[in-house]
Structures are given as C-alpha cells and as structure tokens.
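Read-outs throughout are calculated quantities, based only on the coordinates presented, and are distinct from any laboratory measurement. Please read all numbers here as calculations on a predicted model, not as lab measurements. Here the Cβ positions follow ideal geometry from the backbone for every residue, glycine too, while neighbour counts run over all protein chains shown.
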C-alpha cells in the first residue's frame with residue numbers, strides 16, 4: 001500500500017462524523033490529502049467548490065500535456081498524428097457524483113486504465129461504483145471536505161486510488177511515479193482557486 005499525505009495549510013481537525021469517502025473506499029492503494037485554510041464560512045467555501053473551472057488554467061494544461069508527451073514522441077517518430085490534448089475536458093465529463101452532504105462533503109469517482117494512452121476511461125454509475133472490480137482498472141475517489149475553523153473554514157481535498165488487480169497495481173505504480181508530482185500540483189491549485197473564490201479575490 002502506498003500512502004501520501006501532504007498539507008498546504010495547518011493540520012486538519014477531525015470531522016464530527018464518518019465521512020462518505022471512508023464508507024466508499026475503506027481500503028486503498030494510494031491516498032493523497034491536501035488542505036488549505038479559507039477565510040470564509042463553511043457554506044461559502046462549499047458553494048465555491050461547484051464554481052471551480054480548471055479548463056483554462058495554464059498549470060492544468062501543462063500537466064495534461066506532460067502526461068501525453070511520451071505518446072506524442074512515439075507518434076512523431078512513426079510519422080503519425082499526435083494525440084489530442086483535451087485531457088481535462090475528457091476527465092471532467094467522466095467523473096461520477098457519488099455522495100454529497102451539503103456544506104460538509106462532496107465525493108466524485110472516476111474509473112479508468114489511467115496508464116494507457118487514452119486513459120481507458122469508462123462510465124460507471126454511482127450505484128455500481130463501489131462494487132466495480134473488473135481486472136485491469138483503477139478507481140479514483142476525490143472528496144472535498146469543508147470543516148469549521150475559527151471564523152473561517154478548512155477545505156481539504158482527499159484522493160484515494162484503488163486498483164482492481166495486481167497487474168493494474170504494478171502498471172499504476174509506474175504511471176504514478178511519473179504523474180504523481182503533477183497530480184499534487186493540480187490538487188493544490190484546485191484548493192487555491194476555490195479559496196480565492198470563497199474569499200472574493
């Protein structure tokens with residue numbers, strides 16, 4: 001099991017109740033947690049989550065391009081057309097809402113063979129997500145968690161990845177070695193953009 005915890009703000013207070021992500025993903029192969037202190041009430045911070053739009057963000061575009069770089073190099077050597085760069089739009093369209101507690105937690109899920117050139121994304125309903133176990137795939141669950149903190153709030157973003165078999169686990173481990181640092185950058189950027197929106201900046 002690989003566990004990665006990182007924070008962009010102070011320590012996160014314990015939530016007052018069990019979180020949906022704990023019910024949905026009690027066992028995982030990769031865990032990444034980041035958080036930031038927001039100078040805004042919890043309800044304002046939570047609403048800002050739905051307004052997040054990374055489509056034009058330069059950092060996201062750069063990381064998406066980096067993910068496709070090895071395939072682009074191979075295709076260029078073969079004289080083939082390069083792959084399209086619309087990674088962000090494809091990924092955004094395939095996220096499935098899994099759970100939401102208004103003002104506290106919002107959970108999204110994604111299924112794919114992320115190490116493949118086309119990321120192998122498939123659509124899975126919320127009802128089937130937890131039981132999905134087709135070999136050769138990974139399941140990503142991303143949970144936004146908002147907690148009161150003084151006069152403001154703490155916004156945490158927790159990501160858990162579960163692989164469906166040993167072969168997928170090995171392939172994801174190699175993939176994560178390359179893309180993991182970029183994933184950290186993107187999630188930190190997401191938190192900063194939500195924070196700025198909630199604080200009216």
Would you mind ranking 137, 132 so that the residue whose beta carbon has the fewest other beta carbons within 10 Å leads the list? 132, 137
Where a ≥ b ≥ c are root eigenvalues of the Cα gyration tensor, a/c under 1.5 meaning rounded, otherwise prolate if a/b exceeds b/c and oblate otherwise, region 108-171 counts as prolate
